[in-house]
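To keep things clear, I will list the structure first and then write my remarks on it.
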Amino acid sequence: RLITAKRTRVTAAANPPIEMNVWGDETGRLLRLTVPAQGLDVARTDVASVSARQVAISRPNDEAVRILANGFSLAGTVSKPTQAAGLLPAVILAGTSGNADRDGLASGIPILGQLADALANAGFLVVRYDKRGMGQSGGRPENVTLTDLSEDQRAVIKYVTSRKDVDGRRIALV
């Protein structure tokens, strides 16, 4: 399920002061405690599992999807315009060549998430996905080749072309 989390910044009175982040769920239960200066990150097991992900950006009508790949599934997000009517042109955001999640976090900024938001606002259906072994996607990231990543992209293209709300002649892979 989606857990709504609230982050509270705390400074411990020490010399020098220690900055911490305390994350709690909607009932006030502790989710995560981070102390960046110490490299400490403690999380509850249900939010620290391989199937958990932090949602850096989302739209009201985002759709979580599972895309069948070669022996596992890729987890992704479909963002659509709020006033979607008829067949939509589609954009697939593939991320960087390295290990990446669907939001393309760089210095805490969800680059791909913001791009998906802007494209959906412009009238496109946008699909972004966690790469093999990252975020909520299956598979293993070790020894992944460009051929493997290409096969994953083909699986996403096949998924997008199978959707009834997509114009199959207007699909871009970015």
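The values are calculated or read from the model by the stated rules, or taken from the named source; none is laboratory data. For clarity, every value in this text was computed on a predicted model and none was experimentally measured. Backbone-built Cβ (ideal geometry, glycine too); neighbour counts: all protein chains shown. Each accessible area value is taken on the protein alone, full model and side chains, heavy atoms only, with ligands, DNA and RNA left out. Shrake-Rupley method; radii C 1.70, N 1.55, O 1.52, S 1.80 Å.
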Value of relative contact order over the chain, rounded to a whole percent, pairs C-alpha under 8 Å and six or more apart:
20 percent
Note, region 63-71: 3J(HN,Hα) by Karplus (6.51, -1.76, 1.60, θ = phi - 60°), whole Hz, Gly/Pro = x, goes 10, 7, 10, 10, 10, 5, 10, 7, x
Segment residue 173-residue 145, length gained on full extension (0.36 nm per residue, minus Cα span):
8.2 nm
Quick one: which residues, 5 or more positions from residue 166 or on another chain, have an amide H under 5 Å from its amide H? H modelled 1.01 Å from N in the peptide plane, none for Pro or chain starts.
88
Under 19 Å Cα-Cα from residue 131, which lysines qualify once same-chain neighbours fewer than 8 residues away are excluded?
158
As a check on your grasp of the helix formula, calculate [θ] at 222 nm for the chain: sum -39500 (n - 2.57) over DSSP H runs of n ≥ 4, divide by the residue count, round to the nearest 500.
-5500 deg cm²/dmol
Within the chain, percent of DSSP bridges classed antiparallel, to nearest 5
75 percent
What longest region of the chain stays clear of GluC sites (Glu not before Pro) that DSSP places outside H, G, I, E and B and that have at most 10 other Cβ atoms within 10 Å?
27-141
For the chain, treating each Cα as an identical point scatterer without solvent, what Debye log10 I(q)/I(0) comes out at q = 0.10, 0.14 1/Å?
-0.46, -0.81
With R₀ set to 22 angstrom, the calculated FRET efficiency between the beta-carbons of residue 25 and residue 63, to the nearest 0.05, is 0.40
Descending packing, highest mean Cβ count within 10 Å first, for 74-81, 166-173 is 74-81, 166-173
At 1.4 Å probe size, with every protein chain present, just tell me what the per residue accessible area of the chain comes to in Å².
60 Å²
Cα gyration tensor category, rounded, prolate or oblate, for region 72-174 with a/c compared to 1.5:
oblate
Compute the long axis of helix 111-121 from its Cα atoms, compare it with the longest principal axis of the Cα atoms of the chain, and write down the angle in degrees, 0 to 90, nearest 10.
50 degrees
